[in-house]
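Heads up, the thing below is written out as structure tokens.
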Amino acid sequence: MQSAAFSLFSPSSIPSLKLGKFGSNPRFDPIRVSSSFSDSKQPDLSASSNAVSIPSLPKRSWSLSSSSAFPLRAWTSVPSDSKADLFEVKATVAESAGEGEKSGSLAKTLVLGLLFGLWYLFNIYFNIYNKQVLKVYHYPVTVSVIQFSVGTVLVVLMWTFNLYKRPKITGAQLAAILPLAVVHILGNLFTNMSLGKVAVSFTHTIKAMEPFFSVVLSAMFLGELPTLWVVGSLLPIVGGVALASVTEASFNWAGFWSAMASNLANQSRNVLSKKVMVKKEDSLDNITLFSIITIMSFILLAPVAILMEGVKFTPAYLQSAGLNVKEVVVRTLLAALCFHAYQQVSYMILQRVSPVTHSVGNCVKRVVVIVSSVLFFKTPVLPINSLGTGIALAGVFLYSRVKRIKPTAKAA
């Protein structure tokens, strides 16, 4: 770049140069000529008839273009632009890196937003299709087995086609996962039983009590005492659920206690995952853990369903019961697909966000499911009932926020 600023002082324009007082065997460097000689000590250039008298040169450095094969060296008398160039290069690289980070962050945000949208959408359709089936087909254990069986098929296909890495499971890991699979079965089974007895909106209003069971079980089995903020957030949850239950048009005790049992089972699973899960170096990621739990749930529940309800999901039985075989089968399979999909997406979200953010998202999801089910099924809702549901859900949101507040350590 500097070659463009300075012209080349060609040595061919000087026929002969003799330098005095610079050693017996002087060497003339054709690459650069410097004016570092002071005016009082000018070299003697008149020893030859062909010598050319060179006037005092201005104090600057001459350099060849960058295409020269000779090395170029900057003289101290010349202010170098290398630092400015380096700064410019670094600034350009930093700017490019910043743009890359922004684009990467935007892409991650879009993916996370898409996952949240799918989580809510699959949950809405699961509750709608599941309610339609359970309303006419009163075999919740069989319905639960079908849901686990569809999930098992999807997991096997995912592992077979390497869509997700198939894990290597040890006996110790299976023993640790077994209690989680049992409470997973109970949680989903009791939810289906509740959906078959009461409105979808009421089931999810009762399931808003999950934080209450989480706090109680964590205190009992993990020794995690709640803060005053957490205890305070539980009051509107309990009060709102009680108010909604008293004013619920579809209320019955079977549906109420089934939903409560579902809360107990689901929160027991969370406590057990902390209590009996294998050590960290042998632990599994969330998606793999959910996949194994799904397969184990199907294997454990299938014989129980046959013993309790028999084989009642055949075209012959459905037809003899006066049901539309195609509608029941299609909606059951769609509900099972949405059931597995929304839980799979839920675990994918949990890998990307903090548990608190996931809890807030779950609270919003419950609101979306309640509103959509009320609109779809045209469920009669009294104003006082809506108020109770709103208070309970506000308490759940408050709980998810105050969970961030850590208890202050007492000074020794």
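Where a number appears in this text, it was derived from the coordinates with a stated rule and is not lab data. Every value quoted in this text rests on a predicted model; they were computed, and no experiment measured them. Cβ sites come from the backbone with ideal geometry, for glycine too, and all protein chains shown count toward neighbours.
So how do ARG404, ARG166 line up by other beta-carbon neighbours within 10 Å, fewest first?
Details: ARG404 9, ARG166 13.
Lowest to highest Cβ neighbour count: ARG404, ARG166.
The relative contact order of segment 153-278 comes to 44 percent, based on Cα pairs under 8 Å that sit 6 or more residues apart.
Full-extension gain between GLU224 and TRP253, please, as 0.36 nm times their residue separation minus the C-alpha to C-alpha distance.
Working: separation 29, 0.36 × 29 = 10.44 nm, distance 3.16 nm.
Using 0.36 nm per residue and subtracting the Cα-Cα distance, I get 7.3 nm.
By the beta-carbon count within 10 Å of each Cβ, the least crowded to most crowded order of LEU186, LEU195, LEU118, fewest first, is LEU118, LEU186, LEU195.
Between LEU375 and ASP285, the distance separating the two model label sites (each 7 Å from Cα on the Cα→Cβ line) works out to 3.5 nm.
Taking the Cα centre of each part, how many Å lie between segment 280-335 and segment 205-266? If you average the Cα positions of each part, the centres end up 27 Å apart. Couplings 3J(HN,Hα) for segment 262-268, derived from phi with the Karplus relation 6.51 cos²θ - 1.76 cosθ + 1.60 (θ = phi - 60°), are 5, 4, 4, 5, 5, 6, 5 Hz, where x marks Gly and Pro.
Rounded to the nearest Hz, the phi-derived 3J(HN,Hα) couplings of segment 134-147 under the Karplus curve 6.51 cos²θ - 1.76 cosθ + 1.60 (θ = phi - 60°) are 5, 5, 10, 10, 8, 9, x, 5, 5, 4, 5, 5, 4, 5, where x marks glycine and proline. Taking each of LYS207/LYS378; LYS168/LYS207; LYS168/LYS403; LYS135/LYS403 in turn, the alpha-carbon distance tops 29 angstrom for LYS168/LYS207; LYS168/LYS403; LYS135/LYS403.
The ranking of THR205, THR288 from fewest to most other beta carbons within 10 Å of each one's beta carbon is THR288, THR205.
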